[in-house]
Amino acid sequence: MAGSDRGMLKCSRLTKVYSGARKALDGITFSVEATGIFVLIGRNGSGKTTLIRILATELEPTSGNASFGSMDVMGDASLLREKIAIVPQEARTVPWMTPMQTVSAYLMWRGMGYGEARRRASDALENLGMSHYRDRLNRTLSGGMKRKVLVAAVLSSDAEIIFLDEPTTGLDPVSRREFWDLMKDIEGERFTFLTTHYLEEAEALGDRIGMLEAGRLIRMGTLDDLRRSVRHGYSMSIPAGQKEVRISVSEGEMLKGADGTRILTSEDEAFSISRELIRDGVKFTINPVSLDDIFFYLVSREREENAGNKGEAVEQLRGFGGEEEQA
Amino acid sequence: MDSVEKRSRLSQFSASILVNSLYEMKNYPVVLVNTVLSPISFLLLIVFVSHGALIGEAVQGGFIMSMFGAGTSLQADLSHLKNDFKLQDMVVSSPTSWMVYVAGMAASELVYSVPALAVLAILAFYFVHMSPAGTLLFVAVLFLVFASSMAIGYTFATFSTDIVQSFAFSRLISTLFSTIPPVYYPITYIPLPYRYLAYLSPTTYAAQLAQYEGGYVHISPQMFAASWIILILVAAILFALAGSKARWREK
Ligand SMILES: Nc1ncnc2c1ncn2[C@@H]1O[C@H](COP(=O)(O)OP(=O)(O)OP(=O)(O)O)[C@@H](O)[C@H]1O
Ligand SMILES: [Mg+2]
């Protein structure tokens with residue numbers, strides 16, 4: 001396969017301190033085979049974009065190193081750049097160009113001839129359902145369509161390693177699923193490193209998933225690996241604003257947030273609590289633990305450990321529920 | 001998949017020109033009016049104020065300013081594409097080298113200047129009289145001004161992080177190098193103590209050489225040589241700075 005020289009993606013004690021700021025990345029160390037799709041999740045400001053920009057040779061790390069196979073992001077940047085492509089988080093289409101012009105100019109920048117670039121651009125736009133809009137000015141497209149144009153550009157390139165920083169932000173649920181299908185189709189041919197805030201997206205796409213919190217990689221593995229890091233198999237959610245009920249949880253844990261109560265526990269206890277709630281007429285949902293639960297659980301535990309005190313961690317979790325952001 | 005060897009430099013170079021000038025001119029023709037007007041408006045002012053006496057110098061000045069202005073535009077365009085569209089980030093993380101990208105962008109600024117240069121060329125045909133050798137030297141002067149302004153434009157663009165900063169840089173540069181120095185008229189029009197200030201700008205030397213070739217001023221052989229040396233040195237230093245100080249990858 002073309003990508004055999006990609007080898008492993010390795011990061012070793014990767015640290016980034018922006019001038020005059022706290023550590024954006026704090027000693028990231030991991031290695032992962034550079035095949036399939038790697039999904040990086042983490043809260044706002046956890047360092048996803050910083051990590052992706054360092055790996056894509058756009059930003060110098062403060063210390064530590066990172067490499068793909070034998071190609072170091074600092075020392076062998078020009079070799080690595082032959083193989084990579086990125087859609088940055090804040091990338092926007094140029095308003096005075098059309099989708100066709102945007103994608104084909106990108107391919108020409110990568111050294112493809114005009115005719116070939118036009119052909120590939122046309123196919124890529126079609127794959128993303130954009131054929132109808134290919135010759136309209138970008139400024140007349142909707143936000144999600146503009147995003148698709150940029151994604152089409154990198155997907156149609158010859159790059160073997162693709163970085164997508166929140167590629168589906170702003171896409172409607174149907175388009176997002178179409179994007180997932182497309183990603184699964186091209187999986188195997190290349191290595192895709194993507195970030196997202198949609199945890200179902202990470203579940204759907206990620207061969208491996210990494211979780212960043214405050215510049216540290218707190219977990220990495222397959223979805224099953226991550227499931228195992230939560231001791232409990234079931235998750236229950238009781239939305240706020242219902243009558244007060246006393247629930248006692250002995251095996252699992254109860255996390256109270258602004259949006260209600262979340263209980264992570266064993267199958268048996270989940271069902272016994274369910275029976276009580278049904279009897280009292282309280283609305284709730286019950287599911288096997290999802291990535292969402294795992295994320296919520298691990299982040300709260302990480303904070304608890306850092307704060308060294310449970311009370312504070314629970315306070316911070318309230319912020320997670322959607323109210324004010326905490327620093 | 002395309003192999004590395006098959007990458008065409010010409011395609012890479014053309015992409016910058018397509019994005020930064022041809023597509024823009026095609027889709028927003030109004031931008032052309034501006035490129036013609038800005039070097040010519042000052043020319044007209046000088047011609048009116050001097051009752052036509054300085055038309056030759058003013059046309060030459062228009063050429064010099066078009067070339068210098070191209071660097072200011074390069075800075076604005078590069079900053080805009082980098083900061084507002086993150087296009088430069090996409091290009092950094094790709095096989096495109098900064099040299100091909102910037103060379104293409106510089107060429108796109110020349111393409112943009114074509115309408116203004118055409119108008120100036122017609123005026124020059126009627127009002128400026130230079131020998132073939134003088135014309136060649138004049139073109140060389142213009143080239144040096146263009147090269148210097150490109151190097152300044154690129155270097156500043158890599159440092160700007162937003163539109164306000166970028167705008168401040170370009171205003172500063174164009175005031176220092178084009179509004180204050182005697183580009184559209186002979187330096188002897190400036191009273192003496194201020195003349196020394198004008199000599200701080202490389203565009204002053206460019207204009208002086210042009211005016212000499214046009215037969216509008218007389219300069220000593222020493223001044224002639226010094227002007228060339230200064231123009232070449234400035235261009236070389238600015239290029240060295242661009243190569244070493246400009247940030248392709250962010251720190
Ligand atoms: N250019 C910069 N200068 C200074 N600090 C920065 C810069 N870019 C990011 N930071 C800081 O670095 C930290 C990590 O930011 P980063 O953009 O990597 O987070 P993220 O995980 O991508 O967040 P989001 O999900 O919001 O995109 C944050 O604390 C942020 O404030
Ligand atoms: Mg980000």
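The values are calculated or read from the model by the stated rules, or taken from the named source; none is laboratory data. The structure displayed is predicted, hence computed values, not measured ones. Note: ideal-geometry Cβ built from the backbone for every residue, glycine included; neighbour counts use all protein chains shown.
Descriptive notes on the structure:
- When restricted to residues that are touching a residue at least 60 places away in the same chain (Cβ under 8 Å), hydrophobic (A, V, I, L, M, F, W, C) and under 19 Å from residue B:155 (Cα atoms), segment B:169-215 contains 3.
- Test for residue A:243: is it out of contact with any Phe, Trp or Tyr (no Cβ under 9 Å at 6 or more places or on another chain), at pLDDT 80 or above and farther than 26 Å from residue A:211 by Cβ: no
- A Cβ distance below 6 Å, combined with a sequence gap of six or more or placement on separate chains, defines the contacts here; from segment A:39-53, residues that are under 12 Å from residue A:295 (Cβ atoms) and more than 7 Å from ligand 1 (Cβ to nearest atom) reach residues that are assigned to a strand (DSSP E or B) and hydrophobic (A, V, I, L, M, F, W, C) in the pairs A:39/A:194; A:39/A:209; A:41/A:211.
- Counted residues, segment A:122-148 - those being touching a residue at least 24 places away in the same chain (Cβ under 8 Å) and within 12 Å of chain B (Cβ to nearest Cβ): 6
- Test: residue in segment B:188-197 that is within 16 Å of ligand 1 (Cβ to nearest atom), under 21 Å from residue B:72 (Cβ atoms) and more than 18 Å from the chain's Cα centre (by Cα): no
- Residue check, residue B:133 surrounded by fewer than 23 Cβ atoms within 10 Å (Cβ to Cβ) and either more than 14 Å from every other protein chain (Cβ to nearest Cβ) or free of Cβ contacts under 8 Å to residues at least 60 places away in the same chain (or both): yes
- Among the residues here, residue A:82 does not qualify as farther than 29 Å from residue B:24 by Cα, acidic (Asp, Glu) and within 10 Å of chain B (Cβ to nearest Cβ).
- Residues in segment A:31-51 include at least one that is among the β-branched types (Val, Ile, Thr), within 14 Å of chain B (Cβ to nearest Cβ) and surrounded by 16 or more Cβ atoms within 10 Å (Cβ to Cβ).
- Any hit, segment A:154-165, residues being over 23 Å from residue A:67 (Cα atoms), touching a residue at least 12 places away in the same chain (Cβ under 8 Å) and surrounded by 21 or more Cβ atoms within 10 Å (Cβ to Cβ): yes
- Considering residues of segment A:1-14 that are crowded, with 16+ Cβ neighbours inside 10 Å and assigned to a strand (DSSP E or B) only, the residue farthest from ligand 2 (Cβ to nearest atom): A:10
- Single residue of segment B:9-31 satisfying the filter (modelled with pLDDT of 80 or more and farther than 20 Å from residue A:100 by Cα) that is farthest from the other protein chains (Cβ to nearest Cβ): B:30
- Tally, over segment A:129-145, of residues that are assigned to a helix (DSSP H, G or I) and surrounded by 19 or more Cβ atoms within 10 Å (Cβ to Cβ): 3
- Taken together, the criteria place residue B:139 among residues that are among the hydrophobic types (A, V, I, L, M, F, W, C) and more than 14 Å from chain A (Cβ to nearest Cβ).
- Residues of segment A:96-105 satisfying the condition of being within 7 Å of another protein chain (Cβ to nearest Cβ) and either of a type in the set (Ser, Thr, Tyr) or surrounded by fewer than 22 Cβ atoms within 10 Å (Cβ to Cβ) (or both): A:96
- Some residue of segment B:54-63 being in contact with an Asp or Glu (Cβ under 7 Å, 6 or more places away or on another chain) and at pLDDT 85 or above: no
- Condition check for residue A:93: within 12 Å of another protein chain (Cβ to nearest Cβ), crowded, with 22+ Cβ neighbours inside 10 Å and over 24 Å from the mean Cα position of the chain (by Cα): no
- Among the residues here, residue B:60 qualifies as more than 9 Å from chain A (Cβ to nearest Cβ), crowded, with 21+ Cβ neighbours inside 10 Å, touching a Gly at 6+ places or on another chain (Cβ under 7 Å) and at negative phi.
- Remark: pairs (first residue in segment A:18-37, within 16 Å of ligand 1 (Cβ to nearest atom); second residue small (Gly, Ala, Ser) and outside any strand (DSSP E or B); Cβ separation under 6 Å; 6+ apart in sequence or on different chains) = A:23/A:215; A:24/A:47; A:24/A:215; A:25/A:47; A:25/A:215; A:26/A:215.
- Residue match in segment A:183-190 (condition: crowded, with 23+ Cβ neighbours inside 10 Å and within 16 Å of ligand 1 (Cβ to nearest atom)): no
- Residue within segment B:108-116 that is buried (at least 19 other Cβ atoms within 10 Å of the Cβ), in contact with a Phe, Trp or Tyr (Cβ under 8 Å, 6 or more places away or on another chain) and part of a helix (DSSP H, G or I) present: no
- Total residues in segment A:195-215 satisfying the condition of being away from ligand 1 (no atom under 12 Å from the Cβ) and either farther than 21 Å from residue A:176 by Cβ or within 14 Å of chain B (Cβ to nearest Cβ) (or both): the figure is 0.
- Test: residue A:227 is more than 16 Å from ligand 1 (Cβ to nearest atom), in contact (Cβ under 8 Å) with a residue 40 or more places away in the chain, crowded, with 22+ Cβ neighbours inside 10 Å and of a type in the set (Lys, Arg): no
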